[in-house]
Amino acid sequence: MNTVEKGNQFEKISLGIIEKLIGSGLFGIKEYLKVTPKAKIYSSLRKGDIEFDLMIEFCPPNSKKAMITYFIECKNYNKRIPVEQVQKFYSDIIQVSGVNVKGIFISNSTFQKSAYNYAESTGMMIIEADCIDNFKIVLHKRSSADDYRIPFIKERNNIDLLNEGLLLIEKMIDNQLLSGLIKASNNVSYGIDKLSKEDITRIAQNELNSLNKSYLKKAYGLDFKTVSDYLLKEYQVKIELFNPRKTNILGFCDIENKIIGINKSIIGTKRDLFVLGHEYGHYILHHKLYINQILLDSFSDSKFDLLTGKHRLENPRHWIEWQANYFSASFLIPRSSLMAKLWQAQIRYKLPQGNLYIDDQRHNQENFSKILSYLSYQFNVSKTSIIYRLKEFELLTDNSRTKRIGQIISEYKSNYFI
């Protein structure tokens, strides 16, 4: 499923949930509720229609106008929602609405702080999908588990027009809508999407093509400056170098302040680009993470399983780091590029094309070392990272009985080579 299809599915399912909730509940009043998908309303300012994903109107008996109206916007984004999107939704509502209206903005992505502040100031509700695959929705700033209330748009709120009966109906509608959209509190995922290798590969390739389509087409390798410049231009993310001192941290990602920090001690080594890619992965994949740093630090690092040759992923920290690692590997060493460069190296050194081969014979080990060094140079990453990708794509045939490969593979126990 591509990004567009996932986006359409997200919107269809989210809006379908709302329509089903309205249709299945609210006995006694649902006949007075008008649900309009893709509602088009005329704006005198624009001299044209404004379209809303969904509009719900409550019209009491013998009333020609809606007494309460819900405008719902449901969008799929692959970036943090900027304040401009929320401002536009608010402006659209103000242009076409009467009094006592509510605005609900649903997205599978998180919102920038300024966007959230704007929504809160104007009385709109923000709902975020907890998981793009499961379509669980999270309501922010709810005072208690039973307090399912959607605020009125402040500029369009006239409480004097709402008697006790209408206020009761309003509460019933709010409860019916939100009870089906708020995730169960006992199913904690910390906002971590359960992304597969295929999902992360697709995201990484989209980012790479956005940077420059030539990198995939011509199997070019990236460098630290190119990626840094792109992050600044595309996402306004600044790269800051920090002194090692006594810390063993190689990098960090401050999503809210758009800063990626890289330890000065690794600059100019074969690790700096992979660490940058790792933090880039955090920025892209974990922008809706709602686990605080103290809680994150309380989880242990993943442990290397000697039987499987892999790290065991048992808590949120493990999944977060694995996803960031896999994004970095997919972004910096795409499969097609690795295969192209491998065959290029084999032609260069007059070796048979195909899998990279190693056994206990000296000349095969020398050829292996030459090609490994060549690939490490082309992609600006460590030999360990190259071996990891070769083995993952089954491009390495290892018939060696020595510990040469095993010793290199054991380096995967490092946090940045899971």
THR36, sole failed condition from (1) loosely packed, with under 14 Cβ neighbours inside 10 Å; (2) modelled with pLDDT under 90; (3) not in a strand (DSSP E or B); (4) not aliphatic (A, V, I, L, M): (3)
Test: residue in the range 365-388 that is at positive phi, part of a loop (DSSP other than H, G, I, E, B) and surrounded by 14 or more Cβ atoms within 10 Å (Cβ to Cβ): yes
Hits in the range 192-215 - residues which are under 24 Å from THR110 (Cα atoms) and surrounded by fewer than 18 Cβ atoms within 10 Å (Cβ to Cβ): LYS194, SER196, LYS197, GLU198, ARG202, GLN205, ASN206, ASN209, SER210
Failed criterion for PHE252 (all others in (1) modelled with pLDDT under 90; (2) not β-branched (Val, Ile, Thr); (3) not in a strand (DSSP E or B) hold): (3)
Count of residues meeting criterion [β-branched (Val, Ile, Thr) and assigned to a strand (DSSP E or B)] in the range 338-359: 1
Test for ILE93: is it modelled with pLDDT of 80 or more, closer than 24 Å to GLU170 by Cβ and in the same structural domain as ILE127 (by TED's automatic domain parsing): yes
Residue, surrounded by the most Cβ atoms within 10 Å (Cβ to Cβ), within the range 216-243, restricted to residues that are of a type in the set (Phe, Trp, Tyr) and more than 22 Å from GLN323 (Cα to Cα): TYR220
Count of the range 42-97 residues which are assigned to a loop (DSSP other than H, G, I, E, B), farther than 28 Å from GLU31 by Cα and under 34 Å from the mean Cα position of the chain (by Cα): 6
Sole residue being over 30 Å from ALA345 (Cβ atoms) and in contact with a Pro (Cβ under 9 Å, 6 or more places away or on another chain), chosen from LYS258, LYS264, LYS238: LYS264
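So, in the range 347-363, exactly how many residues are closer than 15 Å to LEU390 by Cβ and either surrounded by 12 or more Cβ atoms within 10 Å (Cβ to Cβ) or among the basic types (Lys, Arg) (or both)?
Matching residues across the range 347-363 total 5.
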Qualifying residues in the range 56-90 (those that are within 18 Å of PRO37 (Cα to Cα) and free of Cβ contacts under 8 Å to residues at least 60 places away in the same chain) - the one surrounded by the fewest Cβ atoms within 10 Å (Cβ to Cβ): CYS59
Matching option when the condition is at pLDDT below 95, closer than 29 Å to TRP322 by Cβ, among the charged types (D, E, K, R) and in contact with a Ser or Thr (Cβ under 6 Å, 6 or more places away or on another chain), among GLU411, GLU394: GLU411
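The values are calculated or read from the model by the stated rules, or taken from the named source; none is laboratory data. Computed from a predicted structure; not experimentally measured. Note that each Cβ is placed from the backbone with ideal geometry, even for glycine, and that neighbours are counted across all protein chains shown.
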